[in-house]
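One structure below.
The values are calculated or read from the model by the stated rules, or taken from the named source; none is laboratory data. In this text, all values refer to a predicted model and were calculated from it rather than measured experimentally. Every residue, glycine as well, gets a Cβ built from its backbone with ideal geometry; the counts of neighbours run over all protein chains shown. What goes into the accessible areas is simple: the full protein's heavy atoms, side chains included, and nothing from ligands, DNA or RNA. Shrake-Rupley method; radii C 1.70, N 1.55, O 1.52, S 1.80 Å.
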Amino acid sequence: MAALLLPWVLLVLLGSLLPGQGLQANPMLASEPSRRHPAPLPGGEAGGITAAPPPATAQEMHPLNKQAANHSGEGHQKHRKAFPVLDIDYDRIRIPFEISLWILLACLMKLGFHVIPSVSNIVPESCLLIVVGLLVGGLIKGVGEKPPILRSEIFFLFLLPPIILDAGYFLPLRQFTENLGTILIFAVVGTLWNAFFLGGLMYAVCQIGGSGLNHIGLLANLLFGSIISAVDPVAVLAVFEEIHINELLHILVFGESLLNDAVTVVLYHLFEEFANFEQVTIIDIILGFLSFFVVSLGGVFVGVIYGLVAAFTSRFTSHIRVIEPLFVFLYSYMAYLSAELFHLSGIMALIASGVVMRPYVEANISHKSHTTIKYFLKMWSSVSETLIFIFLGVSTVAGQHYWNWTFVISTLLFCLIARVLGVLVLTWFINKFRIVKLTPKDQFIIAYGGLRGAIAFSLCYLLDYEHFDMRDMFLTAIITVIFFTVFVQGMTIRPLVDLLAVKKKQETKRSINEEIHTQFLDHLLTGIEDICGHYGHHHWKDKLNRFNKKYVKKCLIAGERSKEPQLIAFYHKMEMKQAIELVESGGLGKIPSAVSTVSIQNINPKNVPVERVIPVLSKDKEEEIRKILRNNLQKTRQRLRSYNRHTLVADPYEEAWNQMLLRRQKARQMERSKPTYLTVPAHKLDSPTMSRARIGSDPLAYEPKPDSENLPIITIDPASPQSPESVDLSNEVPKGCGGLPPSPEEDEEGLVMRVKEPSSPGTDDVFTPGTSDSPSSQRMLRCLSDPGPRPEPEEGEPFIPKGQ
């Protein structure tokens, strides 16, 4: 920790050694509250910017006149220095030096927290950063200096944009669009409910709270409710990325924190303007309601315009790859500033510009530029987030506070009640239309994850003392709510997620198989919606994709990449990502076959000698080959037959199959219906394989005897691989049938097995009905080894027969 606090010890010592050059003079970190029209500060500074001296005349600027002035003023010579060159000029480098110290402190704090995993696993990083800010502010105040306070203009213009741009540029677009309706309901209806519910209850508390609160009117309480009701995206990102919650809950809470900016901006400026009116009419309320659509849709429109311009500009940067990342940052920041210029939603403009430009920019820029954009945005947003939480702690020490127990405790209690009631009621309504319902566990995490942060603090700091003399009490209540949500809810949400067994985020890479099935399901659901006549979001998504592929890609993407199928583009993206990971891990020598050498050459270009000459095809020939492949590979549906039940050819064997199945079914039914008795078990029939083996081993034993015409015959087909049903039991005729009594020779000879006669050519052994297939021959006889049931004993006959 000594190394972490070293920059601030140096800063404090410099401030104490140089009187009049303390921290409060920093234009970036002003101790005076910001106003819409800042008054001139002492020392000729207005709004933290030093006033410029009057311009010098031409005579004063001429070198001869300057030399004459030096000669005339010999009596007022400058003090001779001990060393002609060395001097201490802290005032010249004060601003960049102090800014660098703050950034250095932020980086050292993040490094220290992740070096000690036992601390970061228990306490969230945002809580630790606020504690560091409290310690630094107390240290600066302890040496007699006034701690700096971050101005709201610096927060909104320099620290907030990189965090929102990073979130919007890498926004999971599929999850966001699939849950857009739920997010909008939470962001718009939920924020309006929180603002009016909290403002109305706080107005009632002020009316019955005592003499210190009676002067706070309804508009002031509604303004306070609109400031404190919005969920903060910075705090949500800081906490939810550490607990690795599943994608659904993360996008619901984070999407709400992004989109409720439009509602917060409209309500803030609306109630601030109404506070200056003597009377608010119905027309003012209607215009205020319409201004919500103007602010939100206007911010989105500005962002879309700048995103399309950035994508179009990136089409021509193939020869100057160095400046490609700069266009992404500049156009996004210009979109934010243009929206703030007209009091539109800057956050909505940043999100829209990032979402619109990303697919086209990534198709045009190089892979090195893509890596630069990714890591620079992550670094910039991480530093900004760290500085915001540190300055929350410093501002708590440096700011002016007015503590009122009734107002502060009521604010905290009503914030929690409004959030819980809003989530429960809105989720009950949303679940009526959702396929994947939000469970009670999901509702608890959504309600518990409504964190407040620096946006509420900065908005409250923008209030003017002339119209809102209770600003200090508002600031104290807002800081209390921020500390409670960040410390209490932020520290306990991780164990609660583990206790409730809430589904975590699965860190798995998306595969080609998943992409194929995702596109297949999208096309399938689009077709189902077209058949049903229901134009859902799949239908409109397909329309948008067709329009994008047919018109927009041709204008914004250079080269052949505009005609590349989505699946092939995804494969190239995965291929390049895998190649980059192999190069970074040092495993370039063990490249799998899935990674092509072309991708590796793009990363590490080498002059590989050409082994064989590849013939160069002309453009017409190449286009002809592409056309052939496209018609024969991508449009295989045209070559398939369209089947119809009216045009199907009848199967000639279908009737024979049905007859055979019916015969087998009747035989099994007759076998089940016959009574069975515990008698001598019948000889088990051999399988066709065993029968063929026996006949092959001793064919003479199975030849027909000359005097065996009237004996029962068991026909066996040696060449038939069928099941045991091939043994024709219907030819097993008992002796004495046919009108002739059994002879003694027949009793001695027993059964004779005859080989089945071969069928005539052109007939089918299975489906051709034989003589044994007649209804009279279909009866199944008992096994010869079963003598059948004994006759029932008559009355008077003894149970045990005589002679036994």
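Measure off, as a whole percent, the carbon and sulfur share of the 1.4 Å-probe accessible area of the range 145-214, all protein chains present. Of all accessible area on the range 145-214, carbon and sulfur atoms account for 70 percent. Taking label points 7 Å from Cα along the Cα-to-Cβ direction, residue 118 and residue 413 give a separation of 4.0 nm.
Provide the FRET efficiency to the nearest 0.05 for the residue 277-residue 342 pair, computing r from the beta carbons and using R0 = 30 Å.
Details: r = 21 Å, r/R0 = 0.72.
Computed FRET efficiency for residue 277 and residue 342 comes out at 0.90.
In this simple spin-label model, placing a label point 7 Å from the Cα along the Cα-to-Cβ direction at both residue 578 and residue 297 gives a separation of 4.7 nm.
For the range 516-577, the spread of Cα positions along the three principal axes, ordered from largest to smallest, is 39, 26, 13 Å.
Peptide packing for 536-547, 365-376 was compared via the average number of neighbouring C-beta atoms within 10 Å per residue; ordered from the highest value, the list is 365-376, 536-547. Were the residues from residue 402 through residue 368 laid out at 0.36 nm apart, the gain over their Cα-Cα distance would be 7.0 nm.
Sorted by mean Cβ packing within 10 Å, highest first, what order do the peptides 575-582, 212-219 take? Mind dumping the intermediate values first?
Numbers: 575-582: 17.4, 212-219: 15.9.
With the highest mean Cβ count within 10 Å placed first, the list reads 575-582, 212-219.
In whole angstrom, how far apart do the alpha carbon centroids of the range 421-479 and the range 363-385 sit? One Cα centre to the other: 31 Å.
Ignoring any ligand, DNA or RNA, what whole percent of the accessible area of the range 285-412 comes from carbon and sulfur when the probe is 1.4 angstrom? C and S fraction of accessible area: 76 percent. In this simple spin-label approximation, residue 436 and residue 81 carry label points 7 Å from Cα along the Cα→Cβ vector, and these lie 6.7 nm apart. Using R0 = 60 Å, the C-beta based FRET efficiency linking residue 662 and residue 629 works out to 0.70. The residues of the range 516-577 expose on average 74 square angstrom of accessible surface per residue, using a 1.4 Å probe on protein heavy atoms.
Grab the beta carbon distance between residue 285 and residue 488, set R0 = 51 Å, and tell me the FRET efficiency rounded to 0.05. Don't skip to the end; give the middle numbers.
On the way: r = 37 Å, r/R0 = 0.73.
Efficiency, rounded to the nearest 0.05: 0.85.
For the peptides 184-195, 137-148, residues were scored by their other Cβ atoms within 10 Å and the scores averaged per peptide; the highest-first order is 184-195, 137-148. Taken about its Cα centre, the range 162-258 carries a charge dipole of about 360 debye when Lys and Arg each add +1 at the Cβ and Asp and Glu each add -1 at the Cβ. Taking 0.36 nm per residue of separation and subtracting the current Cα-Cα distance, fully stretching the chain between residue 153 and residue 207 would add 16.0 nm. Amide H contacts under 5 Å for residue 245: 505, restricted to partners 5 or more places along the chain or on a different chain, H placed in the peptide plane at 1.01 Å from N. A 1.4 Å probe run over the range 153-247, with the rest of the protein chains in place, finds 33 Å² accessible per residue.
Residues within the reach of a label modelled at residue 548 (point 7 angstrom out along Cα to beta-carbon, backbone nitrogen below 19 Å), restricted to the range 297-319, are 300-315.
Candidates 556, 518, 570 compared by Cα position along the dipole of the range 516-577: farthest toward the positive end lies 556, with charges placed on Cβ.
Here the accessible area of the range 429-540 is 66 percent carbon and sulfur, with a 1.4 angstrom probe and all protein chains present. Relative to the current alpha-carbon distance between residue 530 and residue 558, full extension at 0.36 nm per residue lengthens the span by 6.7 nm.
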